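Worksheet: the structure to be examined is printed underneath.
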Ligand code: NI
């Protein structure tokens with residue numbers, strides 16, 4: 001049976017929580033009402049420990065099994081919304097102007113709450129389950145903040161799993177892959193410093209505009225000539241700023257952009273070569289380049305054994321045909337990557353059906369997905385921690 005009976009019974013109640021969260025979206029670390037709601041529910045369910053304030057506004061609940069000692073396994077959901085004005089037209093549309101749950105984190109939170117309720121009722125496992133609710137996935141690195149507060153060691157978490165809904169994939173289906181699932185997302189700023197002059201006397205200048213043009217082109221040679229074509233690298237220069245008048249050569253030009261990679265070694269290489277190529281190209285034009293490279297979320301890298309395990313759990317719900325076990329990587333980024341750097345684990349996509357895409361103003365999480373996501377967590381706990 002793909003979905004547990006008790007989980008099917010819970011659907012309306014969990015959908016009610018989901019719609020409540022949807023109406024009251026909060027951004028980044030300011031998820032005060034959401035985390036209060038989550039902590040209150042976890043206490044109502046009878047979790048053995050409920051700790052708030054990890055990573056500013058994160059919440060962890062611990063549920064002990066009734067079959068004795070064993071390891072602790074962590075399941076993570078994100079709680080934050082986006083600065084978007086919702087246009088879904090649903091009865092539970094956001095009541096907060098300019099904020100909306102356009103990435104479905106309301107659904108992720110509701111599914112993990114549903115699993116916590118089930119697991120606290122049944123406790124048919126040994127060891128413990130840690131349900132992790134994090135703030136600030138959307139650009140604030142809330143996962144890292146919870147790690148920095150010592151979450152993994154404090155609760156003795158040995159493995160960690162995460163989930164994200166995927167519009168366009170059928171409800172009840174899953175997609176996952178071993179290794180790199182989502183990209184690292186870095187950003188850079190390159191200031192090319194020359195020497196300004198009258199535009200009619202270029203020989204008196206060191207022209208940063210011309211140097212910046214060469215830098216932009218040279219950066220693409222890293223992608224096309226220096227990296228294995230099967231190892232993805234994107235370098236996009238997305239802004240260029242410099243100059244104030246048509247007849248003045250400016251003193252400097254600033255470029256900014258993004259770097260996306262799927263392997264840690266490609267990322268390290270891109271950072272090193274972007275810096276070297278920008279500096280050397282500037283020097284070739286008599287100018288100099290100051291490079292600031294900022295590392296954002298790392299590669300979301302699924303561990304082999306834990307991915308195999310996750311595929312088995314997903315298959316028990318969706319059947320083998322409902323699990324895409326070698327889905328192509330995606331160039332978006334996800335801060336669950338920090339947790340996967342800290343502990344073995346795996347991140348999986350769950351189908352949201354034929355809905356608007358993530359971060360689209362008309363997007364809404366599909367409540368039909370709830371029992372599949374809850375079943376995934378419950379079966380994962382009862383299998384990983386089988387008595
Ligand atoms: Ni998201």
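Relative to the dominant Cα principal axis of the chain, helix 370-384 is inclined by about 80°. Taking a quarter of the surface of the Cα convex hull of the chain gives a mean projected area of 20.7 nm².
Just so you know, the Rg over Rh for the range 292-386 is 0.99, from Cα atoms, with Rh as the Kirkwood radius. Its convex hull of Cα atoms gives the range 1-64 a direction-averaged projected area, equal to a quarter of the hull surface, of 5.5 nm².
Percent of C-alpha pairs per 5 Å bin in the range 184-294, short distances first: 2, 13, 24, 22, 16, 10, 7, 4, 2, 0. Across all directions, the shadow cast by the convex hull of the range 175-223 built on its C-alpha atoms averages 5.4 square nanometres.
Counted by neighbouring Cβ atoms within 10 Å, the residues 271, 121, 334, 12 run from fewest to most as 12, 121, 271, 334.
Going from the fewest other Cβ atoms within 10 Å to the most, the residues 169, 79 appear in the order 169, 79. This ranking places 186, 335, 354 by how few other beta-carbon atoms lie within 10 Å of each, fewest first, which gives 354, 186, 335. DSSP assigns beta bridges within the chain; of those with both partners inside it, close to 65 percent run antiparallel.
Each part gets one Cα centre, and for the range 231-290 versus the range 149-195 those centres are 25 Å apart.
Helix 304-318 and the longest principal axis of the C-alpha atoms of the chain enclose an angle of approximately 50°. Enter the angle in degrees (range 0 to 90, nearest 10) between the Cα long axis of helix 32-45 and the first principal axis of the Cα atoms of the chain, meaning the one along which they spread out most. For helix 32-45, the angle is close to 30 degrees. In the range 79-203, Cα pairs under 8 Å separated by at least six residues give a relative contact order of 20 percent. Largest GNM mean-square fluctuation across 224, 180, 52, computed for the chain with C-alpha springs under 10 Å, falls on 224.
The relative contact order of the range 184-294 comes to 43 percent, based on Cα pairs under 8 Å that sit 6 or more residues apart. Using C-alpha pairs below 8 Å separated by at least 6 residues, the relative contact order for the chain is 25 percent.
Read-outs: derived from the displayed coordinates by stated rules, not from any lab. Values in this document were obtained by computation on a predicted structure and should not be read as measured data. In this analysis, Cβ positions are derived from the backbone assuming ideal geometry, glycine residues included, and neighbour counts consider all displayed protein chains.
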